[in-house]
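*Asks:* My questions all concern the structure below.
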Amino acid sequence: MAEILQYVHKDGFFHRLHPFSKILFIIVASIICILVTSIPVLLLMVVAMLVLAFIGHLHREVIQQLKLVLVMSVVFVVITVLTMPGGDTIGYLIPQSVPVIGGAIPITTGAISVGLVLALRFMVLIFAFQLFLISTQPRDLVHAMEKLRMPIDYILMFIIALRFIPTLQIEGQRIHEAQLARGYNPGTGMIGKVKSVAPIVIPLVSNALLRSNVLGLTIDMRGYRTGVRTRIRERTFSGGDYAMISGLCGTAALFGIVAFALPALVF
Amino acid sequence: MIELADVSYTYPRTVQEALSHLSLELAPGRCIMVTGPSGAGKTTLCLAACGILFHEYGGKKAGIVTINGRDVSAYTGLSEIAKDIGIVFDDPEAQMIFTTVEEEILSALEYRGLSPEEIEKRLASILDLTYLSALKDRSPHHLSGGQKQRVALAATLALGNDIVILDEPTSELDEHATRRIVSILANLKKQGKTLLIVEHKYAHFRELADTIVVMEHGRISAIGTPEEVLRDERIQRIVIPDFTGIRDGPAPVPKEAGPAITVTNLSYSYEEVCALNSVSLTVNRGEFVAIVGENGSGKTTLVKQFNGLLTPTSGDVEILAKNTKNCTIAQLAKDVGLVFQNPDHMFFADTVHDEVAFGLANLGIADPEKVIDAALGEVGLLATKNLYPRWLSRGERQRLAIACVVAMQPEVIVLDEPTTGLDGDEARLVMATLKKLQQQGHTVIVITHNREIAERCADRIIAMDQGRIVSDVRAVN
């Protein structure tokens, strides 16, 4: 089972970067992709993320999530087609030949364009966060967040939320198997699907609550919340960091210049 | 040193005392093994001994607990108590906070006010002591149960405390993994550590334990050296599971002769890992078969093929002459009932009755009320029919899981480690129930780490190793 957003132990370009450099990478990528509305520029950013993943030897992990990202992208496009008609009509979701409701949902160029922008932004954000999370040990993340003066309780909450994604995945799989062995039928139709959720979700939540109690006690009994930490094996800035920061500053500056001088290119 | 003086405790919203006037002294350098039925208060005793009960839980409390002479109530909180005591809970998965083994231990060491050199030295020594050096870069999700338990223990040892409390550290582990934990604990004892261990595996811990404490209904019902405690026959049955005579019941009469399960050249791979390698096997109707082997030997992968949860990479599995490749899981569920190791993975209903009714409704079985009563009666849980399943003790939940499957009236009943976490009496009750089901004509297959269960209860013992059947023998009296 592929583990979502979990640290992968490797020695690559991204792994050697200081968490601060990676946080800056996320900030720059997020701001640019949110401001940009040009589909070619967003496509270029998606390609850049994949190239960076390849350089950091993380392409396998990023590609593993591609299916989920593509499904979500299609959902974005469909939702915008349904909710934001605009521009020229190029067809209808329900053919006009269908009596009464035919031609009710037009597919417009404006909706497709907005949907694609949203989908590409989503891809850039997901890939950027994934590169950050799978290349950063939670310990380094704790150190970086401590330096940013975030309260330790919030840091631990963030780390644990990430850490327990695969645990819940595995637990959900086991519960699903246990119920299938009892002739459980995952249901059809909307109501059937909702009803059939209970045999999976109730044990999953009950077990997770029990587990969270043990987890909370473990955190306290290891003194994470109040102890004074000895600084050991902390990341220091290296050549890769300076290269990354220079690249990010350059990209941000270039974006600023293009945005002012040739706004039609990016907006 | 820990001292509990006349400690009583009642959990919030309950009336029965979980601990009742309990007094116990754990002297420095000594090892106490606490055992007893599920629901006897063993985990509550652990929580009381390390002060968690007094600082984190509501409910009614009485009595005094002192750690090294200091009243636990005088500590400012758990973080201060953690300077004197380390505790390892029974769920190792819930104690893994970070993403590699080394990170888990290092993070615990960082908060002890040690110099970086001392931290590196201690890290190396703990990895060595817990046999984790070769696994230090692995993610907790890719570790076996025994390895996870060792990581949880290692992170606790990183705190450097002289007193360590362990709640069922080996409950889900096989023989090899259990021996490793015992050997680590024996080394800790040699180093002068004080140990309080809740355990059911007396055979593994008898050398290590200076004192055995047997708990029942929140009280200590026996305390002393192993020899002293075992003089009482009733106590002995709780401490040491006795499966004598279970196999000696009348010979079962299968409704029809012939094979229930036929496995031919079965191979199965998880991604690139070969979990089953050319396994062939025939289980006849009415047989009681035990499948034994270490963790990762392919036992669970094999039985998941019987009800279609997994389908062969190559080879065939036939259940009552039907090839599993041509059947859905729901169809196979009518013929093969599978009870997983952890019963809590299946319970979601509000009452014991509804929990059993779920499987019957899925299969459309007629006259469910009669069937539910019969199944609950079979496992001795008729009186709990209207209770919430998760309120039952571990042994009762295990029997309820069996009832849920029995009610579906499958020809074959498969159980994965049905005695995990049970005391001697409960384990015997579960195995006797299975024997009764065999006598009613069911084919029973039990996966177990426990050789004694296999030898005392089953008619046939199949041993697996690295995805292959390495021996298949008839049990002898």
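Every read-out reported here was derived from the displayed coordinates using simple, explicitly stated rules and does not represent laboratory data. Note that the structure is predicted; figures quoted are calculated from it, not measured. Note that each Cβ is placed from the backbone with ideal geometry, even for glycine, and that neighbours are counted across all protein chains shown.
*Asks:* Show me the helices of chain A, taken as full DSSP H stretches, that run 30 Å or more along their long axis by Cα and average 0.0 or above in Kyte-Doolittle hydropathy. Don't skip to the end; give the middle numbers.
*Replies:* Values: long enough: A:109-134 (37 Å, 2.20); A:152-180 (41 Å, 0.71); A:198-221 (34 Å, 1.24); A:239-261 (32 Å, 1.37).
Within chain A the helices that satisfy the rule are A:109-134, A:152-180, A:198-221, A:239-261.
*Asks:* I've got another one for you. Along the principal axes of its C-alpha atoms, what lengths does segment B:246-474 span, in descending order and rounded to whole Å?
*Replies:* 47, 37, 36
*Asks:* Next up: Grab the alpha carbons of chain A, take their convex hull, and tell me the volume per residue in Å³. If you can, show how the numbers build up before the last one.
*Replies:* On the way: hull volume 47.0 nm³, N = 267.
Hull volume normalised by residue count: 176 Å³.
*Asks:* Using alpha carbons only, how many angstrom separate the centre of segment B:193-213 from the centre of segment B:329-396?
*Replies:* 35
*Asks:* How much of the DSSP beta bridge set in the protein assembly as shown is antiparallel, as a percent to the nearest 5?
*Replies:* On the way: 43 of 78 bridges.
Percentage antiparallel, nearest 5: 55.
*Asks:* Quick one: dipole size for segment B:361-477, taken about the Cα centre, charges +1 on Lys/Arg Cβ and -1 on Asp/Glu Cβ, in debye to the nearest 20. Could you put the intermediate results ahead of the total?
*Replies:* Details: 14 positive and 16 negative charges, 13 e Å.
The calculation lands at about 60 debye.
*Asks:* Provide, in order from the shortest bin, the percent of all Cα-Cα pairs of segment A:1-97 in each 10 Å bin, continuing until the bin that contains the maximum pair distance.
*Replies:* 12, 33, 31, 15, 7, 1, 0
*Asks:* Another question about this same structure. Over all residues in A:206-216, what is the mean tally of Cβ atoms on other chains that come within 10 Å of each residue's Cβ? It would help to have the intermediate numbers written out before the result.
*Replies:* On the way: counts 4, 7, 1, 0, 4, 5, 1, 4, 8, 7, 3.
Mean shielding count: 4.
*Asks:* Taking segment A:105-159, which trypsin sites (Lys or Arg not before Pro) meet the DSSP loop condition and have no more than 14 other C-beta atoms within 10 Å?
*Replies:* Details: sites: A:121, A:139, A:147, A:149; in loops: A:149.
Taking segment A:105-159 and a limit of 14 other Cβ atoms within 10 Å, the loop trypsin sites (Lys or Arg not before Pro) found are A:149.
*Asks:* What number comes out for the charge environment of residue B:449, summing +1 per Lys or Arg and -1 per Asp or Glu over other residues with Cβ under 14 Å away? Could you put the intermediate results ahead of the total?
*Replies:* Details: positive: B:179, B:180, B:201, B:299, B:451; negative: B:172, B:174, B:175, B:294, B:416, B:417, B:452, B:455, B:465.
That works out to -4.
*Asks:* Students often check this: by mean Cβ neighbours within 10 Å, which of B:416-425, A:238-247 ranks highest, and how do the rest follow? Intermediate results must be reported in sequence, preceding the final value.
*Replies:* Working: B:416-425: 22.0, A:238-247: 14.3.
Most protected by this proxy first, the peptides run B:416-425, A:238-247.
*Asks:* Evaluate peptide B:73-84: per residue, the Cβ atoms of other protein chains within 10 Å of its Cβ; return the mean as an integer. All intermediate terms of the calculation are to be shown ahead of the outcome.
*Replies:* Working: counts 0, 0, 0, 1, 3, 9, 9, 2, 3, 7, 2, 0.
Counting Cβ atoms of other protein chains within 10 Å of each residue's Cβ and averaging gives 3.
*Asks:* When the gyration tensor of chain B is built from Cα positions, what are the square roots of 5 times its three eigenvalues, in whole Å, from largest to smallest?
*Replies:* Values: eigenvalues 331, 146, 83 Å².
Ellipsoid half-lengths, sorted descending, are 41, 27, 20 Å.
*Asks:* Sorting B:453, A:63 on the 10 Å Cβ count, fewest up front, what's the list?
*Replies:* Details: B:453 25, A:63 13.
Fewest-to-most Cβ neighbours within 10 Å comes out as A:63, B:453.
*Asks:* Output the pairs from B:299/B:435; B:304/B:385; B:304/B:435; B:136/B:189; B:42/B:299 with a Cα-Cα distance over 26 Å in this structure; if there are none, say none.
*Replies:* Details: B:299/B:435 21 Å; B:304/B:385 29 Å; B:304/B:435 22 Å; B:136/B:189 24 Å; B:42/B:299 31 Å.
The answer is B:304/B:385; B:42/B:299.
*Asks:* Could you order peptides B:191-202, B:127-138, B:146-157 by the average number of other Cβ atoms within 10 Å of their residues, highest first?
*Replies:* Details: B:191-202: 20.7, B:127-138: 16.3, B:146-157: 25.4.
So the order, starting with the most tightly packed, is B:146-157, B:191-202, B:127-138.
*Asks:* Give the average, rounded to an integer, of partner chain Cβ atoms located within 10 angstrom of each Cβ in B:108-118. Can you show the working numbers first?
*Replies:* Values: counts 6, 4, 13, 9, 6, 5, 2, 2, 5, 1, 2.
For peptide B:108-118, the averaged partner shielding equals 5.
*Asks:* Beyond 20 Å, how much of the Cα-Cα pair distribution for segment B:96-171 remains, as a whole percent?
*Replies:* Working: 710 of 2850 pairs.
In whole percent, the share of Cα-Cα pairs in segment B:96-171 beyond 20 Å is 25.
*Asks:* Just to be sure I understand the curve: with the Debye formula and one point per C-alpha of segment B:2-239, what is log10 I(q)/I(0) at q = 0.11, 0.13, 0.16 Å⁻¹?
*Replies:* Ignoring solvent entirely, the Cα scatterers give -0.56, -0.79, -1.18.
*Asks:* Give the Rg (one decimal place) followed by the Dmax (whole number) of segment A:138-235, computed from C-alpha coordinates and expressed in Å.
*Replies:* 18.8, 56
*Asks:* To continue, here is another question. Working from the alpha-carbon coordinates of the protein assembly as shown, get Rg over Rh, Rh being the Kirkwood radius.
*Replies:* On the way: Rg = 29.3 Å, Rh = 29.0 Å.
Using only Cα positions, Rg/Rh for the protein assembly as shown is 1.01.
*Asks:* Amide H to amide H, which residues 5 or more places from residue B:194 or on other chains are under 5 Å from it, using H placed in the peptide plane?
*Replies:* It is B:29, B:163, B:164, by chain and number.
*Asks:* For a protection proxy built on the mean count of beta-carbon atoms within 10 angstrom, sort B:394-405, B:78-89, B:178-189 highest first, please. Show your work: numbers first, answer last.
*Replies:* Working: B:394-405: 24.8, B:78-89: 22.5, B:178-189: 18.2.
Ranking the peptides B:394-405, B:78-89, B:178-189 by packing returns B:394-405, B:78-89, B:178-189.
*Asks:* Now for a different question. Across chain A, how many lysine pairs, 8 or more positions apart or on different chains, have C-alpha atoms separated by under 24 Å? Please give the number. Could the numbers behind the result be given before it?
*Replies:* On the way: A:10/A:22; A:10/A:67; A:22/A:147; A:67/A:193.
Qualifying lysine pairs in chain A: 4.
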